[in-house]
Every structure is written in C-alpha cells, then in structure tokens.
Amino acid sequence: MARPKGLKQALPSLMRFYHYIQPYVGEKLWLIVAAFTGLFIQTLLRLLEPWPLKYIIDGLMTPDPNSRDHLQLLRQLELSEYFAILAVTLVVITLLRSISTYATTICMALVGNHIIIRLRARLFDHLQRLSPVFYQKQRGGDLVVRLISDMGMMKEVAVTAAVPLIGNALIFVCIVAVMMWVNWQLALLSLATLPLLWLMTLHKSRRIHSVARKNRKREGVMAAAASESIHSIKSVQALTLEERFSKIFGSANNKSMKEGVQTKRLIAGLQRNVDILIAISSAIVLWFGAMQVLNGQLSTGELLVFVYYLRRLFRPIRDFSKYCARLAKASAAGERVLDVLNQEQEVRDRANAIDAPNFVGRVTFDSVSFSYLDDETHHLRNLSLEIESGRKTAIVGPSGSGKSTLLNLLLRLHDPQRGGVLVDGVDIREYKTASLRNQIAVVLQDTALFATSIGENITLGQQEYSQQEIEQAAKLAEIHDFITSLPDGYNTEVGERGVTLSAGQRQRVAIARASLKQAPILLLDEPTTGLDPLTEASVSRALLRLAQGRTSIIVTHRKEMAAACDHIAYMSKGQLIEQGCHHELLAKGQEYASQFAIEFGQRGSKAYYD
C-alpha cells in the first residue's frame, strides 16, 4: 500500500533527519526516557479523569449505594462523603496530570534545545568547510536564515507541536481501547468519521506544506536582498540602487504576506471541517447512547464518559490541524537545513593525514589541471612550476589566466583534478589542512577585517603575542603611527568589515597580521589593487619587506612589483607561457616584455620600488 503523499509532505524525511540528530539524541537519552515516562503517566491520568464524574452523576441518578453504577469500594460511605472523595479524587488526578505534563514539556524542551544547538553548531562548522564554489551559487542572507531562523523554527515546533501530537497519538490509541471495552457499539460509531477526517487532513496538509515551502524560500530571498543592500550600502547609495533593492525586497515581502494569509485560510478551513465532523459524530453518539440509557444498557455516567472520550478521541486530528502550519513550516525549514548538510565538502583530510612538519618552503606545482565547472573547461592545464624556498616569485598575466587559482590550490581551498601541489617534495594532501594553512600567511585583495579592535584584527584573537610583537608587526606594515594617533590606540574598534578604515589602512593591518604569523610561505593576491599611487607605493614597500626571507608568491598586475621579485611566471589561459627573472623576460621580447612596455607607457618610467 502506497504511503499517502500528504504524509510525506507534511514532515521532512524522518530517517534523513534522524541520521543527523541520532548522536545528540543519545547524549540526552535519560531525559527522553523521563519525558516518555511522564507522557505515559499523563495518558493514564487522562483516561482516569472522567471516571470520578461518572460515579458522581450515577450516584445522583441512583442514590442506592448497592447499585452496580456506584463505586463498590466506597459503597459503605454516606453519599455526602462518597461525593466528596470523588470530587477530591478528580482534583488530585488533574493536579498529578498537570505536574506530569509540566515535567514532560520541560524534559522535551531541554532535549529539543540540546539537539538544535548541537545541530546548528554542526551546520555552521559544515558551512565553514564548504568550498568557495558553493558560496558562488548561494546567497549569504539565505544561508543565515537557514542557520538561525530555520533552526529556531524546528526547535519551536519540536517543543510546541511535536510533543503534544505524540502525547495525543498515545492517548488516541488508549482511548479507543477503553471505549471498545466499555461499549463496542458506541466505540465503532465514534470511529466512523475518522477515515473522512484523516483524508481531509492529509489533503489540506499537502497544500499547506507546499505554501509553507514557498514562504520559507521567499523569506530567504528577503534576507538575501537585505544582506546585500546593507553590506554594500555605499555602492547602493552611490549608484542610486535603493529603489531596485526596495522593489526586490517589497515584491518578496508582499508574496510572503499573501502566502501567509493563504496558509491561515487553509488552516481555518481545515479546523472548520474538523469541528463540523466532530459535531456530527458527537450527535450520533449522543443519540445512540441516549437510546441505550433509556433501554438500561448504559448508565448516564457511562454516556458522559463516552462523550468525554469522544472529545479526546478527535483531539489528535484537531491538534494536527491546529499545528499543521507550524509542522509544514518546520518541514520546509528542515529540508532547507538538510540540503546544506548534504552538500559534500570538496576538500577533506585523508584518513591517514598527518600534521605538517615545519616547512622549508619549496613549492611545486606538478602537472596540475583544475576546473571549477567541469572537466571540459580547464582553468589550469597541465601546469608545472617550481618555486624555490626563500625567494619572491611573481605570477603575472591577463585576467582569467588562473593566477589566483594557483594560490587557492596551495591553500587547499580546492584540490586539483589531476597532478599535485607539493611543499618540500610532499603532496599537501598528505597533511591535515589546518596544519598546512597554519604555515601560510595570506594578504588578499579584499582584506577580511572583523568587528573588533585593531589589535585583535592583527592577532586574530590569539593571546600568545606580546604588545611589543604586535607593534613591531604594525611598524613593518607602516601603520603603527596611525594606530597610536587614535584615541584608543590598538583597542580602537574598526567596525564590521573594517568600514572605519580606508582601503590602504585595511591592507596595512592585513600585512601586520601576516608579519606576526611568521609563516615560511607568504601568498599575496593582488594586494595593491584599487589603491591610489602614493598608498600603493607605501603598501608595496611594506609587502616587499614582509616577503623578505620567505617563500613568497605574489599575484599581481603591477609589473613594477613583478620586477622587484626574484622570479616571474607569466600565465595565459591556464598555462605557463614563460618564466625567468625580470631582465631575462625583457630580453626574450615575448608576452611579458610586451605587457611591461604597455604598462610603463601608460604609467611612466618611474618605479616605486627603488
């Protein structure tokens, strides 16, 4: 028998999800056992709850204490005492049930919070290990929604919807069993409308799930638009793009509102239909039960118990309609989270990977071929390059020739499809990635600064550096005087992404950071792009001082900086065209010499790096 499609769509694949949360469930197993023990006690007390009222009503209808309708254990008592004990019993049952419900909710809340917190941390760690190619296809704001909002929704539903539904399902089974025991004819009448109710709920829940999935996607679009606009606010305002982003955000916002209203309409319609069917079922049971009371087949109290059980019997379906929107949103949220967790990490440490030893710094690209897209489109083609330790090597060539890709491969942001990258004669895939990157200092074109102090941006929060070492690194980067001129010196906050600093100042902070690291290998990727000539000259001098004595690979368009290096590799279309020192390449009169002549014709003959 095929599973109903609505059931598949109402909840995310439980087995897929359980695969990720199973280790965290085991950590709080005792809490889960306590919660389900409380749930069982709660169910038992709910079954007992109507019986004191049943005996009170039967006692009023037939005052004879020897009647079969009375509770035989208390038949020796006066009626006033009999009714008082039953009334107190009802209060005690309700009190114990409330305590049990409270304990169950708290236990499940603790379990739910623990699982979601651990899973969110796992998702964040996973996101940080995915390759840059993944982020080129995703929008940052949408990923933040998955990490924060989608996870939060799953936690809320786990506590406010899933636990009550599990409890109600248990009560449902127990109530059916008790009703069959009390009066099987009334029990079958009570269950007559259940198939129709279930089919109706499945049909509506399928539509609700579809709308909720669209709504979660729409909220991701809104978050992405807001994130892009806020993070690029200067460009947005300078290019008068406010209206464009407002239209994108407003369109998604309006559609989200319509989908929210549609979800509410579906839920309201489902609850209305459920209430109508419950009323019809209740009317049938009351009529048939009243006939049995008149015929002496059923006591008035037993009919009251049946009506109570009937109302409880339909609670799971009514609650499912009540929580259907939450469950559908949680399902959509869960699918979005699992979509990210199922993304394969492009770069993984091998099972037998070891910590990298202290590098001397000789780097070799051995017949490397690499493609970001597919095997047909190569960004590097069978490239071989030897970089001697302690020397400055410039990688030059037109845009798109694969220069930055070489650095990405050395950092193991990607692995080559063919060939290998070696340091001191050993393939870097033999080492743990973290130990490899710890011995490589990097200064990129787009410097990453964080919303903390300048000092912490230089040290990256590591405490092993003394203030003297930090200042020495800042002096090498020619930014110490600027920092000390600030009111709070090295404790000055730089704002998110370093927005309070100029481009040249941000680059100098990055240079100081790389200097402090004292790594044997230094990678510089277009570090002076976008700087004015004077700032460029100052930053370039600092970079060359930083590169002194290290294996330095400098990707640059500036031929002046290339001329100051010990070795130059000229690339085009993913291949190494020519290499040698500056004077050798000029003497050859090929591609490098041609490009050098064009640039100096535009910039003048004055070199900045004398």
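The values are calculated or read from the model by the stated rules, or taken from the named source; none is laboratory data. All values reported here derive from a predicted model rather than from experimental measurement. Please note: Cβ atoms are built from the backbone with ideal geometry, for glycine as well, and neighbour counts cover all protein chains shown. Note: accessible area is taken over every heavy atom of the protein model, side chains too, but ligands, DNA and RNA are not part of it. Shrake-Rupley method; radii C 1.70, N 1.55, O 1.52, S 1.80 Å.
Does Arg326 qualify as being modelled with pLDDT of 80 or more and closer than 30 Å to His126 by Cβ?
Numbers: modelled with pLDDT of 80 or more: no; closer than 30 Å to His126 by Cβ: yes.
Spelling it out, it is not the case that Arg326 is modelled with pLDDT of 80 or more and closer than 30 Å to His126 by Cβ.
Kindly establish whether Asn273 is farther than 30 Å from Leu298 by Cα, at pLDDT 75 or above, in contact with a helix residue (DSSP H, G or I) (Cβ under 7 Å, 6 or more places away or on another chain) and not basic (Lys, Arg).
Spelling it out, Asn273 is indeed farther than 30 Å from Leu298 by Cα, at pLDDT 75 or above, in contact with a helix residue (DSSP H, G or I) (Cβ under 7 Å, 6 or more places away or on another chain) and not basic (Lys, Arg).
Give me the residue from region 419-460 that is open to solvent by less than 40 Å² (accessible area, probe 1.4 Å) and part of a loop (DSSP other than H, G, I, E, B) and, out of that set, farthest from Asn358 (Cα to Cα).
It comes out as Thr452.
Determine the pairs where a residue that is among the β-branched types (Val, Ile, Thr), located within region 503-514, has a partner that is part of a helix (DSSP H, G or I) with Cβ atoms under 7 Å apart, the partner being 6 or more residues away or on another chain.
Taking only residues 6 or more apart or on different chains, the pairs are Val509/Ile454; Val509/Asn457; Val509/Ile458; Ile511/Ala542; Ile511/Leu543; Ile511/Leu546.
Kindly indicate whether any position in region 226-241 is at pLDDT 70 or above and closer than 25 Å to Met154 by Cβ.
Yes, there is a match, as at least one residue in region 226-241 is at pLDDT 70 or above and closer than 25 Å to Met154 by Cβ.
Every residue, every condition in (1) at pLDDT 90 or above; (2) touching a Leu at 6+ places or on another chain (Cβ under 7 Å), yes or no:
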{"position": "Ile354", "(1), (2)": "yes, no"}
{"position": "Arg362", "(1), (2)": "yes, no"}
{"position": "Tyr372", "(1), (2)": "no, no"}
{"position": "His379", "(1), (2)": "no, no"}
{"position": "Leu385", "(1), (2)": "yes, yes"}
{"position": "Glu388", "(1), (2)": "yes, no"}
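Which condition breaks for Ile511 when tested against (1) surrounded by fewer than 21 Cβ atoms within 10 Å (Cβ to Cβ); (2) modelled with pLDDT under 85; (3) among the β-branched types (Val, Ile, Thr)?
Against the list (1) surrounded by fewer than 21 Cβ atoms within 10 Å (Cβ to Cβ); (2) modelled with pLDDT under 85; (3) among the β-branched types (Val, Ile, Thr), Ile511 comes up short only on (1).
Quick check on region 24-35: of everything there that is within 24 Å of Val337 (Cα to Cα) and touching a residue at least 12 places away in the same chain (Cβ under 8 Å), which residue is surrounded by the fewest Cβ atoms within 10 Å (Cβ to Cβ)?
Glu27
With respect to Leu383, is the statement that it is out of contact with any Lys or Arg (no Cβ under 8 Å at 6 or more places or on another chain), closer than 21 Å to Val442 by Cα, in contact (Cβ under 8 Å) with a residue 40 or more places away in the chain and open to solvent by less than 50 Å² (accessible area, probe 1.4 Å) true?
Considered against the rule, which asks whether it is out of contact with any Lys or Arg (no Cβ under 8 Å at 6 or more places or on another chain), closer than 21 Å to Val442 by Cα, in contact (Cβ under 8 Å) with a residue 40 or more places away in the chain and open to solvent by less than 50 Å² (accessible area, probe 1.4 Å), Leu383 comes out as no.
For region 173-200, give me the residue count where each residue is of a type in the set (A, V, I, L, M) and either in contact with a Pro (Cβ under 9 Å, 6 or more places away or on another chain) or not in a helix (DSSP H, G or I) (or both).
Adding up the residues that qualify gives 2.
Looking at (1) surrounded by fewer than 18 Cβ atoms within 10 Å (Cβ to Cβ); (2) in contact (Cβ under 8 Å) with a residue 24 or more places away in the chain; (3) over 18 Å from Leu406 (Cα atoms), which is the only condition Ala587 fails?
Only one criterion in (1) surrounded by fewer than 18 Cβ atoms within 10 Å (Cβ to Cβ); (2) in contact (Cβ under 8 Å) with a residue 24 or more places away in the chain; (3) over 18 Å from Leu406 (Cα atoms) is unmet by Ala587, namely (2).
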